[in-house]
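The values are calculated or read from the model by the stated rules, or taken from the named source; none is laboratory data. None of these values were measured; they are calculated from a predicted model. Here the Cβ is made from the backbone with ideal geometry for all residues, glycine too, and neighbour counts use every protein chain on show. Please note that ligands, DNA and RNA were not included when accessible areas were found on the heavy atoms of the full protein model with its side chains. Shrake-Rupley method; radii C 1.70, N 1.55, O 1.52, S 1.80 Å.
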Amino acid sequence: MPYGYLGQNQPNQTVSNSGVFSITDVAELQSQGKLGGSLELIEEQTADGTSTSLNFTDIKENIYDVHLLQVHSMFTSSANKLIRIRLSNDGGSSFIASGYQYAYQIMQSNGSFSEQKSTSDTFINVHTNVGTVLLESANFYVYFYNLGNSSKYSFLTHQSSSMDNTGTILGSTFGGGVLPTAETHNAIQLIEPNLLGNLTGTAKLFGIKQI
């Protein structure tokens, strides 16, 4: 159907208000999944404390230019651990364990401020250390860019809010990372890299629809 703009075909309309969709247009486009910026759930996974990783192996990278990963109340079975990110170029049969770059700032409720950075690491860090119970969990989101584009690097940006392994100090982070290899990356892994802490919590992966 043709899509009009707010203000067209009104009795007293003298100037076209082009570029602004009507409520009807927005509802119709959104129902078809054609409205840019619409979130479309790809997969939700729940970690039940029996594995050190969660793997998203069907990320539909040929459909979406941008992905959003939301992680809710995730903690580990060993105290003072990080849940980190790796990517795959073979659909999750293996995950790349070298060459990642990242930089992020850490602000804590006790007044401390620091930064973490690396030009060559085996994982990408996105939050502060967490503990072994729900009250010592990590909550964060990560935007991924260009995962399905074999001619571009895969970038990410993230923000987190986590309690430390004592359950008393909030840590908040903001930063980004990149795997500077131009190739298709088609799976995402959340993992406790030392394999010392099984994961408990929920993660949802969305695709962001582009026009």
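Some observations on this one:
- Counting only residues that are touching a strand residue (DSSP E or B) at 6+ places or on another chain (Cβ under 6 Å), open to solvent by 10 Å² or more (accessible area, probe 1.4 Å) and among the hydrophobic types (A, V, I, L, M, F, W, C), segment 171-187 holds 2 of them.
- Cβ-Cβ under 6 Å pairs, at least 6 apart or on other chains, segment 54-76 side in contact (Cβ under 8 Å) with a residue 40 or more places away in the chain and more than 28 Å from Leu135 (Cα to Cα), far side open to solvent by less than 60 Å² (accessible area, probe 1.4 Å) and assigned to a loop (DSSP other than H, G, I, E, B): Thr57/Gly91; Thr57/Gly92; Glu61/Leu147; Glu61/Gly148; Glu61/Asn186; Asn62/Gly148
- Unmet criterion (only one of (1) at pLDDT 65 or above; (2) part of a loop (DSSP other than H, G, I, E, B)) for Glu28: (2)
- Verdict on Gly99 being loosely packed, with under 14 Cβ neighbours inside 10 Å, on the phi > 0 side of the Ramachandran plot and at pLDDT 95 or above: yes
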